[in-house]
Every structure is written in C-alpha cells, then in structure tokens.
Amino acid sequence: MNSKKYRKVAVGGTFDKFHNGHKKLLTTAFEIAESVEIGVTSDAFGGLKGNIDSCEERMSNLKAFFSDKSNFIIVPLDDPYGTTIYDENFDAIVVSEETEPTAVKINEIRVSKGMDPIDIVVVSFVLAYDGIPISSTRIRRGEINKNGDNIR
C-alpha cells in the first residue's frame with residue numbers, strides 16, 4: 001500500500017542561500033507526495049528580491065540535495081503561481097507560513113477557472129539560534145549561517 005497522501009504536490013520559492021528552512025519545506029513535500037514539482041523563481045522574477053544567486057545555481061543546489069530521488073521536476077517560476085493555476089493534476093501545495101497567502105490566491109484562481117482547489121500544507125518556520133526564523137535575507141546580511149547559527 002502506498003503511504004503517500006498525494007499524487008502530485010507543488011512547492012515553490014527562490015531557494016537562495018539554501019538553508020534548513022528550505023530543507024524542511026522540501027522534505028515535507030517529498031514525505032507526502034508521490035511526485036513533487038519544485039518551482040524556482042527565475043532570475044527576472046527572483047531578482048526582485050535583490051542580490052541573489054542565479055536561477056541555474058539555485059536549481060543545481062536543489063538537484064544536489066535530492067540526488068537520491070527521482071520523483072521530482074524543477075521548473076522556473078516567472079510569477080507567484082507557476083503551473084498550479086493551469087495543471088489540474090496537483091493535489092496539494094506545500095508552503096511556509098510566509099507564503100500561505102499565495103496558496104490561498106492560487107486556490108481562488110483555480111476555482112474561478114472551474115478547477116478543484118488543492119490542499120494547502122503549511123510548514124512552520126525553522127528558527128535560528130535567536131528564535132527568529134532562518135531566512136535567506138538574514139544569511140545574506142551575515143546575521144546567521146544556513147543552519148541558523150550566530151556568525152557575528
């Protein structure tokens with residue numbers, strides 16, 4: 001018997017400075033899904049966040065982290081919704097607390113198009129040593145490392 005709850009799950013993000021919060025988000029997606037589509041913000045779309053690693057480098061980091069898996073694809077994201085608003089085969093989306101509103105909007109768009117809404121699985125933040133969530137922004141600023149440890 002298959003223990004996976006969903007056939008196809010979406011998860012997306014910038015995945016810059018690949019850190020423990022990203023790992024938790026993605027690991028959750030793989031735990032609950034037979035197949036995972038990982039959307040990675042394109043250079044143009046992700047660049048809106050500031051100085052980030054190239055889309056190619058960020059995708060390469062993901063492929064390396066999941067080198068033992070074959071049940072996923074990685075696609076570029078040029079907008080906040082990706083293929084979730086076109087592909088009826090998604091059963092769920094895995095998001096952080098920060099991006100849950102985007103998932104709610106995805107479901108609004110899906111329903112407006114006559115598609116079924118997808119389940120929203122919210123993953124809590126991974127906290128750094130100081131109780132504040134680990135984030136790529138904090139890593140870029142030199143406040144913490146990818147594990148959430150103090151580096152000042």
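Within region 1-14, which residues are out of contact with any Ser or Thr (no Cβ under 6 Å at 6 or more places or on another chain) and at pLDDT below 95?
Met1, Asn2, Ser3, Lys4, Lys5, Gly13
Looking at Glu97, Glu88, Glu57, which one is in contact with a strand residue (DSSP E or B) (Cβ under 8 Å, 6 or more places away or on another chain) and not polar (S, T, N, Q)?
Just one listed residue meets the conditions, Glu97.
Restricting attention to region 61-80, does a residue exist that is within 16 Å of the chain's Cα centre (by Cα) and hydroxyl-bearing (Ser, Thr, Tyr)?
Scanning region 61-80 turns up no residue that is within 16 Å of the chain's Cα centre (by Cα) and hydroxyl-bearing (Ser, Thr, Tyr).
Considering only residues of region 114-152 that are part of a loop (DSSP other than H, G, I, E, B) and of a type in the set (A, V, I, L, M), which is surrounded by the most Cβ atoms within 10 Å (Cβ to Cβ)?
For region 114-152, the residue satisfying everything is Ile134.
Quick test for you: out of Thr41, Thr27, pick the one residue that is closer than 26 Å to Asn145 by Cα and in contact with a strand residue (DSSP E or B) (Cβ under 7 Å, 6 or more places away or on another chain). Even if it seems obvious, please write down each step before you answer.
On the way: Thr27 fails: in contact with a strand residue (DSSP E or B) (Cβ under 7 Å, 6 or more places away or on another chain).
When all the criteria are applied, what remains is Thr41.
Here's a check for you: in region 88-113, which residue that is modelled with pLDDT of 95 or more, closer than 23 Å to Phe15 by Cβ and charged (D, E, K, R) is surrounded by the most Cβ atoms within 10 Å (Cβ to Cβ)?
Asp91
The values are calculated or read from the model by the stated rules, or taken from the named source; none is laboratory data. The shown structure was predicted, so the numbers you read here are calculated from the model rather than taken from an experiment. Note: ideal-geometry Cβ built from the backbone for every residue, glycine included; neighbour counts use all protein chains shown.
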